[in-house]
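This report concerns only the one structure given below.
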Amino acid sequence: MTVAAIKEYVGVARDRVETFNGKQLVYASWDHHLLFAAPFLLYAAPQMSFRELVGGPLAALVQPDPDGAAIDWTQVEWLKSNQPWTPDFDRSLADNGIGHKDQIRFRTPGLTSLAAA
Amino acid sequence: MDMKVAKKKLGLKEKYRLMTRDLGWEPSYRTKDEVFPYVKYEGIKVHDWDKWEDPFRLTMDAYWKYQAEKERKFYAIIDAHAQNNGHLNITDGRYLSALKVFLQAISPGEYAAHKGFSRVGREFPGVGTQVACQMQAIDEIRHAQTQIHALSNYNKYYNGFHAFADARDRMWYNTVARSFFDDAMSAGPFEFMIAIGFSFEYVLTNLLFVPFMSGAAYNGDMATVTFGFSAQSDEARHMTLGLECIKFMLEQDPDNLPIVQGWLDKWFWRGFRVLGLVSTMMDYMLPKRVMSWREAWEIYGVENGGALFKDLARYGIRPPKGWDDAEKSIDHMSHQFMLGLYQWSFGTSLHSWIPSDEDMDWLSAKYPTTFDKYYRPRWDHIRKLAAEGKQFKNFGLAKLCQTCQLPVVFTEPDDPTMSCHRETSYKGEKYHFCSDGCQHVFENEPEKYVQAWLPMPALFREFEGDVGAWMDWVSLRDGQDNGDYVGSIDQRNFEQWRGLATSNT
Ligand SMILES: [Fe+2]
Ligand SMILES: [Fe+2]
Ligand SMILES: [Zn+2]
């Protein structure tokens, strides 16, 4: 049973993509960089290119970390839904298969300013 | 002349029989199933409702008398507190944040508990159970009222108290408590009793109320101490009711065991997540600290909780599934959550701050294996940014857990450097969780949790990311209620008024 109920019961998912004004949510996090207390919540159009997402909101958000300015985005290792993954920077989020509420992660080996002492 | 005839006094047992058990009747126009339609669908089998024991044997007349007496005492002290500027006796204005957490997250929970017990008091067939639930329903609304009244005195002088009901419903750090109660109130009567009566009242109360009340006593807050005392004798009754309910279910039918165990696993974990707020309050928000969250966990979690589950082992109950993960997170959770509160403080109806050197030394003494290693470097860096005039604000907001609704500030149980990523798909939608515990809760009843109203997605869904419009909607007054304590209006007022009260200048 998918819910304890007195009769047949179907829930309506609250955060469906069509309720987000033509845009979507994307979660992004930087592995081992926990100055940022949780993965970021980004709000973007599915037509936005991956390059715009990274060069715009993501690059700005990571600046408070002492490693923020040192990221070489061409060398970053990416994961999507916790699996290794290679984005195409010039294609859109949709074409890169980044759906609503997908989680992307990135790794920057060697950048460890605030890592465990 | 009329002779006065002494009325025969009823014995306690006799009185309980007449004024409780005798209030019930066998329905004749409708079947029992029609009168009590919600008592079977959860799968709990009950053969004899009269086996429900009420060890207090409290009857309504006596209950009413005790409670009235407590109310009189409570309001006398609260009035004196208001008249004597009791708010200036607290140790420091930072302490107010602990009160704001309490009023925004916990007092509305009392009200929710009131609604829930009113409902289950109607839904349970046993008359002993009905009366006990009715009393608890009245207790809980009294708790909500006395807390709101006690804290209203602070609302006259400080920010962040004025819209606690909006903050409770809409503010991201409060929805953990809100969703806990919404989840319980939308469950059946037996699950509600496990959620509130057993997990919340019995397993977690000591970790929730004791820290707040002793924190209040240590920090000169008479108003809060007073409502704590006024509620204390009620809590003894609530804990007993919760324990009685669980034993009753387990004794009625062996088939009840797996259902009860599943609820214990779920509600332990949900309650543990609510405690994240409490851990942060204990370790960071009390100017004069009582004990660390780790120390409280050792006493109330490990010792008391351990003894309880040992006692329940004879019914076949084992400790809750999330117990080991909980233990692994104890030395991390308060730091993780305070870092979040600070970096998102533009969106909180309370103030947070960067811990001082003295605070950090205390934290490293209390958390010798984790604080210096993982958390001090982050606070040091945040402090450096602040010194450069760049207060750290994380406008990236946060991914929230679909079940407990907290920002996913938690790390892997076995790797404190790695944020905990958990996700699943259900009917084509993606869902994210803060932990295995929350993911399990979701997967057992996805149709329930897909509907969760998550506060951060709502900022985009309903306000297209317009933070100003969102602030109006949560009744947050920018520049007054939010941000760093240092430089806040609360700080300025508290220090000025306290100066007037304690010096000649
Ligand atoms: Fe209460
Ligand atoms: Fe209670
Ligand atoms: Zn969670």
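The values are calculated or read from the model by the stated rules, or taken from the named source; none is laboratory data. The structure displayed is predicted, hence computed values, not measured ones. We place every Cβ from the backbone using ideal geometry, glycine too, and count neighbours over all the protein chains shown.
Taken together, the criteria exclude B:Ala144 from residues that are within 29 Å of B:Pro37 (Cβ to Cβ), aliphatic (A, V, I, L, M) and not in a helix (DSSP H, G or I). Among the residues of the stretch A:59-70, is there at least one that is touching a residue at least 12 places away in the same chain (Cβ under 8 Å) and polar (S, T, N, Q)? No, there is no match, as no residue in the stretch A:59-70 is touching a residue at least 12 places away in the same chain (Cβ under 8 Å) and polar (S, T, N, Q). Only a single item in (1) under 18 Å from B:Phe442 (Cα atoms); (2) away from chain A (no Cβ under 14 Å); (3) more than 15 Å from ligand 1 (Cβ to nearest atom) is not met by B:Ala177, and it is number (3).
Would you confirm, using the coordinates I've provided, whether B:Phe56 is modelled with pLDDT of 95 or more, under 34 Å from the mean Cα position of the chain (by Cα), surrounded by 16 or more Cβ atoms within 10 Å (Cβ to Cβ) and not aliphatic (A, V, I, L, M)?
Numbers: modelled with pLDDT of 95 or more: no; under 34 Å from the mean Cα position of the chain (by Cα): yes; surrounded by 16 or more Cβ atoms within 10 Å (Cβ to Cβ): yes; not aliphatic (A, V, I, L, M): yes.
Criteria not met by B:Phe56.
So, B:Asn89, is that one surrounded by 13 or more Cβ atoms within 10 Å (Cβ to Cβ) and over 26 Å from B:Glu235 (Cβ atoms) or not? For B:Asn89, the condition - surrounded by 13 or more Cβ atoms within 10 Å (Cβ to Cβ) and over 26 Å from B:Glu235 (Cβ atoms) - is not met. From the list A:Leu35, A:Leu41, A:Leu114, the one residue that fits, being under 30 Å from B:Thr370 (Cβ atoms), over 16 Å from the mean Cα position of the chain (by Cα), at pLDDT 95 or above and surrounded by 14 or more Cβ atoms within 10 Å (Cβ to Cβ), is A:Leu35. Being part of a loop (DSSP other than H, G, I, E, B), within 8 Å of chain B (Cβ to nearest Cβ) and more than 30 Å from B:Arg376 (Cβ to Cβ) is the filter here, so list the residues in the stretch A:15-32 that pass it. Residues satisfying the conditions are A:Asp15, A:Arg16, A:Phe20, A:Asn21, A:Lys23. Of the residues B:Gly437, B:Gly389, B:Gly428, only one is of a type in the set (Gly, Ala, Ser) and surrounded by 19 or more Cβ atoms within 10 Å (Cβ to Cβ); which? Selected residue: B:Gly437, the only one of B:Gly437, B:Gly389, B:Gly428 that is of a type in the set (Gly, Ala, Ser) and surrounded by 19 or more Cβ atoms within 10 Å (Cβ to Cβ).
Table: residues versus (1) more than 14 Å from chain A (Cβ to nearest Cβ); (2) assigned to a helix (DSSP H, G or I); (3) more than 15 Å from A:Leu35 (Cα to Cα).
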position: B:Arg318; (1), (2), (3): yes, no, yes
position: B:Glu327; (1), (2), (3): yes, yes, yes
position: B:Met338; (1), (2), (3): no, yes, no
position: B:Asp359; (1), (2), (3): yes, yes, yes
position: B:Trp362; (1), (2), (3): yes, yes, yes
position: B:Phe395; (1), (2), (3): no, no, no
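In this structure, A:Val12 does not qualify as under 23 Å from B:Lys430 (Cβ atoms), within 11 Å of chain B (Cβ to nearest Cβ) and touching a Phe, Trp or Tyr at 6+ places or on another chain (Cβ under 6 Å). Among the residues of the stretch B:397-411, are any within 16 Å of ligand 3 (Cβ to nearest atom), modelled with pLDDT of 95 or more and in contact with an Asp or Glu (Cβ under 7 Å, 6 or more places away or on another chain)? No, every residue in the stretch B:397-411 fails to be within 16 Å of ligand 3 (Cβ to nearest atom), modelled with pLDDT of 95 or more and in contact with an Asp or Glu (Cβ under 7 Å, 6 or more places away or on another chain). In the stretch B:435-452, the qualifying residues are those that are part of a loop (DSSP other than H, G, I, E, B) and touching a residue at least 12 places away in the same chain (Cβ under 8 Å), and the one that is nearest to ligand 1 (Cβ to nearest atom) is B:Ala452. Restricted to the stretch B:364-394, and to residues there that are farther than 24 Å from B:Asp325 by Cβ and in contact with a strand residue (DSSP E or B) (Cβ under 9 Å, 6 or more places away or on another chain), the residue that is nearest to ligand 3 (Cβ to nearest atom) is B:Asn394.
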